[in-house]
Amino acid sequence: MKSDPELISDETSEAPALESAASHGHGLRSGKFSWLAFGIGMVVLGGVAALLLNQPYYLSLGAVGLLFAALASAWNIIGGYGGQFSLAHAVFFAVGGYSVALTQVNWKWAPWPGLLLGIVLSTILAALLAWPLFRLRGPFFAIGTLALSVVVLALVTWMPWTGAALGLQIPFNEQPITSRPAWAFIFLGFLAVCVAVSLVVSRGRLGFYLVAVRDDQEAASAAGASALWVKTLGFAISAGLTGLGGGLYVMYLGFLDPPTFLDAVQIGAFIPLCALIGGLGTIVGPIIGGLVLPTLQTYMRGAFSNLPAGVSEAILGLVLILVALFFRAGIWGWLTSLVRRVMSRRAKSDERANI
Amino acid sequence: MGVLTIIISGVLVGGMYALIAIGLNAVFGVVRVVNFAHGELVVLGMYTAYFAWTVWSVDPYITAVLIALPLGFLVGLVIQRFVVQRLLDEPLMQMFATFGLLMLLQNLFLAFTRGEPKAVRVAASSASLDFFGVSVSVSRLVVLGAAIVVTIILVVFLRQTLYGAAVRAVSQDRGTAALMGINVKVLYMVAFGVSGAIALMAGALMSPIYTASPALGFSFVLPAFAVVVLGGLGSIGGSLIGGLIVGVVEALSGYFLDPALKQAVWFTLFLAVLVIRPAGLFGRAGSEEIGQR
Amino acid sequence: MNAQTSESTQSEFVLECHSVGKTYGGLKAVSDVNIAARRGEILGIIGPNGAGKTTLFNIISGHVGSTTGTIVFNGADVTRKPAHTRARLGMGRTFQIVRPIRSLTVLENVMIGAFHAYPTREAAAQQALRVLERVELIDRAKSNAGDLTLAGRKRLEVARALAGNTQLLLLDEVMAGLNPSEANLAIAMIHRLSLTGVSVILIEHNLKVVNELAQNVVVLDHGAEISQGSPAEVLSDPAVITAYLGNRKVAK
């Protein structure tokens with residue numbers, strides 16, 4: 001990645017403060033602008049969801065989009081800022097899902113402590129796995145995480161206490177929230193949590209260190225950043241949020257079957273794909289990608305229903321190749337560079353006018 | 001069933017993993033790019049053999065040499081020229097792109113075959129030899145033989161020829177090699193071509209054994225990665241031995257534990273090797289730290 | 001602008017290398033090198049190409065593990081400590097080939113170096129601004145790191161290395177590739193930094209630079225130290241003249 005639009009745009013938003021800091025010795029602003037934008041964005045998304053209350057089809061599309069926007073934001077912490085291509089997030093998604101489903105089915109827990117358990121377990125699991133996995137760099141890390149998710153899928157379909165291949169079914173009368181519209185707002189809340197955590201991380205020391213380790217591990221260590229510690233922390237935070245998402249998704253579906261949670265392509269690769277298409281290493285990018293991609297996929301499946309199965313997924317694969325080749329900054333990166341180009345052109349014509 | 005039978009069947013499966021992994025390693029070790037779609041190329045070889053067999057009644061073993069090798073070389077060349085070459089300095093994007101290629105090919109197979117399994121059944125499919133009282137499948141023996149032959153050819157080629165010296169120079173330091181007058185671009189295209197050729201040939205040779213289906217490629221590529229990591233990055237001989245190890249471990253764990261656990265067992269082995277010796281059993285130390293700069 | 005405050009138990013030396021060596025396979029890249037850098041001094045390391053200067057630097061900074069010997073920094077044995085720990089203890093380094101974090105701005109790059117001593121964003125930014133002022137890069141604070149000239153990027157490296165309350169600055173050929181006027185500015189900058197109490201070890205090719213800046217010089221050849229002393233002593237040492245200057249024109 002050549003550019004990091006979020007950190008740069010952050011910086012541009014604070015340009016006036018910086019100038020005064022340079023000349024008067026004041027500090028930076030504490031990023032009120034980003035939090036304001038965050039608040040406005042969430043209110044707008046909530047408003048759109050409210051407008052769709054009478055359109056159950058679009059509302060459920062939107063709910064899934066919000067879920068994936070949140071998952072992509074969570075993945076982006078380690079994958080986008082940290083540059084670690086994790087294909088293991090399906091595992092953390094499943095850990096969250098199983099935590100809710102197993103405690104509810106076997107021990108009659110309410111789902112809420114199950115959610116908390118899912119967050120804790122996926123965070124701990126990620127921290128433990130970080131030690132062997134981050135001995136691997138670049139593509140080896142990706143392979144290690146891919147292998148992990150395949151093995152976990154094999155294990156849960158083999159073990160009887162996880163419900164094996166059949167998975168788990170939560171009885172309807174034990175599902176606390178069955179109203180579909182409510183779920184759009186719950187997933188919006190989940191998105192707000194993921195984005196808020198991303199904001200805190202990306203603006204603080206950890207975010208800077210993640211970017212430094214991504215771009216140049218040796219230079220980062222010379223500057224005092226422990227690559228292993230930084231990646232472990234990013235991985236664990238990202239995994240914890242993903243675990244929360246898995247728990248919520250089980251509550252939403254009312255059942256858990258292993259491939260829905262652990263498929264290496266449909267979950268493991270799809271989440272990074274959302275982040276990529278929206279714009280890696282930015283706050284807004286994964287939100288856009290998460291909202292757009294699942295919706296597009298559902299649309300294509302409908303539109304190509306008379307074509308053989310696989311066509312829409314093949315198109316998705318082609319899109320992925322093309323984005324990697326020609327559109328690396330993603331939708332958000334493209335938009336911001338467009339705005340910047342227009343601004344600089346305007347600035348130039350202003351200069352000419354002044355002359 | 002004695003342990004000898006299990007070990008022999010493990011060695012035979014290992015020969016197949018080795019053959020797939022050697023093709024993967026040709027790219028991994030030279031271009032230093034992870035090709036997630038490598039398993040799909042193997043499946044493409046299987047479909048090629050199926051097509052030649054049903055349409056022209058060509059024996060899959062003839063297809064392997066006369067059709068799969070040149071076609072595979074061409075496919076590899078195209079992947080390198082139009083996808084990977086543009087992403088040499090973008091390790092993250094390389095992974096996205098080859099993963100996209102995996103999705104594209106897998107789903108094109110699904111769309112074209114409508115998910116119907118395609119099986120090539122020739123005399124070799126059911127033929128077997130008696131080997132110390134153990135019956136050995138001829139078609140699997142051919143795959144193992146091909147893995148050994150390809151290993152010998154590549155090792156001799158890399159050691160003895162100027163091209164081999166160039167490959168070693170490029171895999172160590174692309175920039176310096178380019179300054180020394182090596183045409184890195186051509187060399188990478190050849191490496192991808194060789195990788196594709198071996199993959200499609202492997203697929204054609206495996207077509208009498210396995211029934212081709214779209215999802216098969218994905219199930220090949222992970223053991224192949226494990227083999228490459230076990231054997232060592234860029235070590236062709238290591239891939240052969242690594243393949244046999246993974247095959248035998250898989251067979252033994254399938255017999256003594258549970259067939260469903262065999263993947264978990266080799267994954268544990270794979271992680272253990274990575275933690276203890278990240279460069280693999282036969283790789284040069286430090287070679288695992290690639291791709292991030 | 002005091003980078004170091006007085007601590008009670010400080011030895012005379014900020015850095016000591018005791019018979020440090022590194023072998024790759026059978027090849028001795030560095031063998032039995034003893035160096036002691038006094039607090040506040042500028043120590044030059046010179047030697048022909050391939051003499052092992054950068055390997056020695058990597059050993060000191062912790063980016064390469066040594067095969068033999070011990071490294072003592074501020075009185076504490078850091079031989080087994082990783083690079084990031086040494087950085088946190090107050091060791092800053094630059095790289096021969098500059099390595100800015102290209103997706104960040106100049107200011108943000110320097111903040112990376114400051115964060116371990118100034119954990120919050122605001123504090124790190126303020127420290128980074130102070131350091132940028134010291135290396136005279138303050139007017140480029142908002143630029144992308146990749147957009148700087150070579151001289152600018154070299155200053156950025158120095159700034160990042162300085163930002164974490166650094167007591168020892170390791171400079172790997174910071175003059176290489178600069179034109180004479182840029183080099184003179186850099187010499188003045190290093191001199192100024194040294195006056196604020198920062199100890200400096202610099203690898204240099206340009207003997208004029210070493211002559212002007214360094215109080216003491218170590219000469220390496222084939223991985224071994226062949227001479228040590230003041231610039232005048234070292235440059236008149238016959239061993240140095242044959243090993244280094246005999247087949248090489250002296251830059252004057």
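Computed on protein heavy atoms with a 1.4 Å probe, what is the summed buried accessible area for the chain pair A and B, in Å² to the nearest 100?
Working: alone 17530 and 13810 Å², together 26720 Å².
The buried area between A and B, both sides summed, comes to about 4600 Å².
Give me Rg/Rg_expected for the stretch C:46-129, where Rg uses Cα atoms only and Rg_expected = 2.2 N^0.38 Å with N residues.
Numbers: Rg = 15.1 Å, N = 84, 2.2 N^0.38 = 11.8 Å.
Dividing the Cα Rg of the stretch C:46-129 by 2.2 N^0.38 Å gives 1.27.
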task: Can you work out the accessible area per residue across the protein assembly as shown, with the rest of the protein chains kept in place, probe 1.4 Å, in square angstrom?
output: 39 Å²
field: Sorted peptide list for B:153-160, B:72-79, C:95-102, criterion being average Cβ within 10 angstrom, highest first
entry: B:72-79, C:95-102, B:153-160
query: In chain C, what percentage of the DSSP-assigned beta bridges are antiparallel, given to the nearest 5?
result: 55 percent
- line: By the Kirkwood definition, with r running over pairs of different Cα atoms, the protein assembly as shown has a hydrodynamic radius in Å of 29.9 Å
Accessible area buried between chains A and C, both sides summed, probe 1.4 Å, in Å² to nearest 100: 2900 Å²
field: MRE, 222 nm, helices only [DSSP H, n ≥ 4, -39500 (n - 2.57), over the protein assembly as shown, to nearest 500]
entry: -20000 deg cm²/dmol
message: Can you give me the distance in nm between label points at C:Leu27 and B:Ser125, each placed 7 Å from the Cα along the Cα-to-Cβ direction?
response: 5.6 nm
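Which number do you get for Rg(Cα) / (2.2 N^0.38 Å) in chain A?
Normalised Cα radius of gyration, chain A: 1.04.
Highest mean first, what order results for C:175-182, B:220-227 on Cβ atoms within 10 Å? Spell out each step's value before the answer.
On the way: C:175-182: 14.6, B:220-227: 27.4.
The most tightly packed comes first, giving B:220-227, C:175-182.
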field: Cβ neighbours within 10 Å from other chains - mean over C:109-120
entry: 5
Amide hydrogen neighbours beyond the local backbone of C:Ala224, cut-off 5 Å, H modeled: C:Ser31
- request: Kindly tabulate the residues in the stretch A:287-310 with an accessible-area decrease of at least 20 Å² between the chain alone and the assembly of all protein chains, using a probe of 1.4 Å.
  value: A:Pro308, A:Ala309, A:Gly310
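Using DSSP, restrict attention to beta bridges with both residues in the protein assembly as shown and report what percent are antiparallel, rounded to the nearest 5.
In the protein assembly as shown, approximately 65 percent of DSSP beta bridges are antiparallel ones.
Using only atoms on other chains, find how many Cβ atoms lie within 10 Å of each Cβ of peptide C:76-87 and report the average. Can you show the working numbers first?
Working: counts 0, 0, 0, 0, 0, 0, 4, 10, 12, 3, 3, 7.
Per residue, the average neighbour count from other chains is 3.
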task: Might you report the magnitude of the Cβ-based charge dipole of the stretch B:3-276 about its Cα centre, with Lys and Arg at +1 and Asp and Glu at -1, to the nearest 20 debye?
output: 400 debye
statement: Within the set A:Gly97, A:Gly47, A:Gly62, GNM on chain A using Cα springs under 10 Å gives the largest fluctuation to A:Gly47
Inter-probe distance in nm under a simple model that places probes 7 Å from Cα toward Cβ, at C:Thr196 and A:Asn54: 6.7 nm
message: If R₀ is 56 angstrom, what is the calculated FRET efficiency for the pair B:Leu74 and B:Phe256, using the beta carbon separation as r and rounding to 0.05?
response: 0.80
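Rule-of-thumb check for the stretch B:3-276: C-alpha Rg over 2.2 N^0.38 Å? List each step's numbers first, then the result.
Numbers: Rg = 18.3 Å, N = 274, 2.2 N^0.38 = 18.6 Å.
Normalised Cα radius of gyration, the stretch B:3-276: 0.98.
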query: One-quarter of the Cα convex hull surface for chain C, in nm²?
result: 13.4 nm²
field: Residue among C:Leu185, C:Leu235, C:Ala214 farthest towards the positive dipole end of the stretch C:183-247, charges placed on Cβ
entry: C:Leu185
Listed residues A:Ala303, A:Ala94, A:Ala126, most fluctuating in chain A (Gaussian network, C-alpha, under 10 Å): A:Ala303
Accessible area, probe 1.4 Å, largest first, for residues B:Ile152, A:Ile186: B:Ile152, A:Ile186
query: Given springs between every Cα pair under 10 Å in a Gaussian network model of chain B, which of B:Asn107, B:Asn35, B:Asn25 has the largest fluctuation?
result: B:Asn107
task: Putting +1 on Lys and Arg Cβ atoms and -1 on Asp and Glu Cβ atoms, find which of B:Ser126, B:Ala264, B:Met16 reaches farthest to the positive end of the dipole of the stretch B:3-276.
output: B:Met16
field: Test item: Cα-centred dipole of the stretch C:97-166, Lys/Arg +1 and Asp/Glu -1 on Cβ, debye
entry: 180 debye
statement: Non-local residues with an amide H under 5 Å from the amide H of C:Arg99, with H modelled 1.01 Å from N and Pro and chain starts lacking one, are none
Cross-link pairs beyond the 30 Å C-alpha cut-off, checked among B:Lys118/B:Lys185; B:Lys185/C:Lys154; B:Lys118/B:Lys262; B:Lys262/C:Lys81; C:Lys81/C:Lys142: B:Lys118/B:Lys185; B:Lys185/C:Lys154; B:Lys262/C:Lys81; C:Lys81/C:Lys142
Of B:Ser139, B:Val42, B:Leu69, farthest towards positive along the dipole that unit charges on Lys, Arg, Asp, Glu beta carbons give chain B: B:Leu69
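Taking each residue of B:258-269 in turn, how many C-beta atoms of other protein chains fall within 10 Å of its C-beta, and what is the average?
Values: counts 1, 1, 7, 5, 1, 7, 6, 1, 2, 8, 1, 0.
Per-residue shielding by partner chains comes out at 3.
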- prompt: Label points 7 Å out from Cα along the Cβ direction at A:Lys108 and B:Val3: separation in nm?
  reply: 5.1 nm
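Quick one: dipole size for the stretch A:183-310, taken about the Cα centre, charges +1 on Lys/Arg Cβ and -1 on Asp/Glu Cβ, in debye to the nearest 20. Working shown, then result.
Numbers: 5 positive and 5 negative charges, 44 e Å.
Here the size comes out at about 200 debye.
Give the relative contact order (percent, whole number) for chain B; include only Cα pairs under 8 Å separated by 6+ residues. Mind dumping the intermediate values first?
Details: 513 pairs, mean separation 111.1, N = 293.
Normalised by residue count, the contact order of chain B is 38 percent.
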message: At R0 = 51 Å, how high is the FRET efficiency between A:Ser305 and C:Thr120 if r is their beta carbon distance? Nearest 0.05 is fine.
response: 0.40
- request: Would you compute, for the Cα atoms of the stretch C:97-166, the largest minus smallest coordinate along each principal axis and list the three values in descending order, in whole Å?
  value: 29, 22, 21
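The values are calculated or read from the model by the stated rules, or taken from the named source; none is laboratory data. Everything quoted here is computed from the prediction, not taken from an experiment. Glycine gets a Cβ as well: all are built from the backbone with ideal geometry, and neighbour counts include every protein chain shown. For the accessible areas, the whole protein counts, side chains as well, though only heavy atoms, and no ligand, DNA or RNA atoms are used. Shrake-Rupley method; radii C 1.70, N 1.55, O 1.52, S 1.80 Å.
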